[in-house]
Amino acid sequence: MYNDKVLEVFASRKNAGEIENANGVGTVGNASCGDIMKIFLRIEDNIIKDASFKTFGCAAAVATSSVATEMLKGLTVEQALNLTNAQVVEALEGLPPQKIHCSVLVEEAVKEAVNDYLKKRD
């Protein structure tokens, strides 16, 4: 079902866990599939210095969360808001059609985390 890249990222996930000093947090969930994602960001001077995740779900949910947090590090807030689920899928070299929703969830969680940071900053 999953390609080698997804399985590799799932098995050796990076950035799992909570950042204690996160200043942007986004949580999304899909009751129909049971996936729940929480993205933590530490942003300084408009740059994402650190990103992590806590995800409850399938291998695709964990893999998309892991790869997205890697992609976010070093981006500006504006660049992070433009991260798309298609870019996450591409980084994973594809997902089964029935698992694309995981990449959509992680895109939504990233946007929530960035917006949380922006609200706190104002």
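The values are calculated or read from the model by the stated rules, or taken from the named source; none is laboratory data. This is a predicted model, so every value here is computed, not measured. Positions of Cβ are generated from backbone atoms using ideal geometry, with glycine treated the same way; all protein chains shown enter the neighbour counts. The area values use the complete protein model at the heavy-atom level, side chains included, leaving out ligands, DNA and RNA. Shrake-Rupley method; radii C 1.70, N 1.55, O 1.52, S 1.80 Å.
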Just name the residue that is least open to solvent (accessible area, probe 1.4 Å) out of those in the range 83-106 that are within 11 Å of the chain's Cα centre (by Cα) and more than 13 Å from A63 (Cα to Cα).
L83
Can you tell me which residue among N3, N23 is touching a Leu at 6+ places or on another chain (Cβ under 8 Å), among the polar types (S, T, N, Q) and closer than 19 Å to N115 by Cβ?
N23
Can you tell me which condition K73 does not meet? The list is (1) more than 16 Å from A11 (Cβ to Cβ); (2) out of contact with any strand residue (DSSP E or B) (no Cβ under 7 Å at 6 or more places or on another chain); (3) touching a residue at least 24 places away in the same chain (Cβ under 8 Å); (4) open to solvent by 40 Å² or more (accessible area, probe 1.4 Å), and all the others hold.
(2)
Across (1) within 22 Å of K99 (Cα to Cα); (2) at pLDDT 95 or above; (3) touching a helix residue (DSSP H, G or I) at 6+ places or on another chain (Cβ under 8 Å), T69 clears everything bar (3)
Of these, K119, K49, which one is open to solvent by 10 Å² or more (accessible area, probe 1.4 Å), basic (K, R), free of Cβ contacts under 8 Å to residues at least 40 places away in the same chain and assigned to a strand (DSSP E or B)?
K49
Qualifying positions in the range 52-88 - over 21 Å from L7 (Cα atoms) and part of a helix (DSSP H, G or I):
V77, E78, Q79, A80, L81
